[in-house]
1. Identify, from the list R156, R163, the residue that is part of a strand (DSSP E or B), modelled with pLDDT of 95 or more and touching a Leu at 6+ places or on another chain (Cβ under 9 Å).
2. Based on this model, can you work out whether G52 counts as under 19 Å from A157 (Cα atoms) and more than 21 Å from the chain's Cα centre (by Cα)?
3. Here are the criteria: (1) surrounded by fewer than 17 Cβ atoms within 10 Å (Cβ to Cβ); (2) under 18 Å from the mean Cα position of the chain (by Cα). Tell me which single one D117 does not satisfy.
4. Hey, any hits in region 223-243 for a residue that's of a type outside the set (K, R), more than 22 Å from the chain's Cα centre (by Cα) and part of a loop (DSSP other than H, G, I, E, B)?
5. Does G95 qualify as being crowded, with 17+ Cβ neighbours inside 10 Å and at pLDDT 95 or above?
6. If Q100 passes every condition in (1) over 21 Å from S145 (Cα atoms); (2) in contact with a strand residue (DSSP E or B) (Cβ under 6 Å, 6 or more places away or on another chain) but one, which one does it miss?
7. Limited to region 53-103, what total is found for residues that are polar (S, T, N, Q) and in contact with a Leu (Cβ under 8 Å, 6 or more places away or on another chain)?
8. Hey, could you check region 131-149 for residues that are surrounded by 22 or more Cβ atoms within 10 Å (Cβ to Cβ) and of a type outside the set (S, T, N, Q) and say which is nearest to D284 (Cα to Cα)?
Amino acid sequence: MKMKRTNDLTIAFLGAGRMGAPMASRLISNGFNVRVWNRSVERLSGLVQLGGIVASTPAEAAHGADVVITMLPDGPTVETVIDGDDGALKTLARGAVWLQMSTIGIEWTERLAAKADEAQVLFVDAPVSGSVAPATSGELLILASGPAEAKSVATRAFDSMGRHTFWMGPAGAGSKAKLVLNNWLVDLVEMVVETLKFSEALGLDPQLIVDVLAEAPIGSPYAVAKARSMLEGDFSTNFALKYAIKDALLALEAAKNVDGDLALTASLIPSWQRALGNGAGDLDLSAVYHFASA
């Protein structure tokens, strides 16, 4: 069913993966005129049914657009899509707003912000916190940072995709905050794995330990949910292991650049990379439990 367009902004949405597709869907459903581009065109069929307009290249999607959104796997991919031969910056008008919502780390964010500045485009660094389910329901947390003059336009788009937008400061602050949050996440998942394996080694029922944690102030809803899925062997993807490792490595790099030490994160990398090498990359990050030693 095609949605009636009730918003006057034209948005070019570049990247319709597991997160991008539901985010674009939210914009279309809220009446924006959305042009969608993705390397795998077959992923766009659902968005077309809602009323999205398929573009053959990023440049075509961005031509005359008020806003361009990038939701792509990593920095090099974003750079190619935005500034390659058919890149969006080739046709994006001066003064347009670029919402860079991928998790790409600090150095890539600075590099892309410089390209936006050269093209006289307003760059908003705005990675999201949340997985597929909140992306689908419009419940993401958006970590926005960028120029004040882009805020009113950006907020209109953000309000359709998230339940709360945190404005963190100048462009780059959003990506820094995302690294901090994802570092917390990977450490928490590793702690859950260690707790379950320790319980088993002591001859305890790990499910009973999880039940205790669910009632205890030291537990957390996310940790308990991940523990239950690990014990059930349900590794359905919410946050793919390959992307969790990518983000953990970005956090370690950022910490090194400020003489910081993320000892917990550094310690989990070898075992998580073993899981990756055993074909678990596209599974949920909770799959590391299956490959962990007691």
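1. After applying the criteria, what remains is R163.
2. Yes: the conditions hold for G52.
3. Of the numbered conditions (1) surrounded by fewer than 17 Cβ atoms within 10 Å (Cβ to Cβ); (2) under 18 Å from the mean Cα position of the chain (by Cα), the odd one out for D117 is (2).
4. Yes.
5. no
6. With (1) over 21 Å from S145 (Cα atoms); (2) in contact with a strand residue (DSSP E or B) (Cβ under 6 Å, 6 or more places away or on another chain) applied to Q100, the lone miss is (1).
7. 4
8. Only one residue fits best here, namely A135.
The values are calculated or read from the model by the stated rules, or taken from the named source; none is laboratory data. No experiment lies behind these values; they were computed from the predicted model shown. Note: ideal-geometry Cβ built from the backbone for every residue, glycine included; neighbour counts use all protein chains shown.
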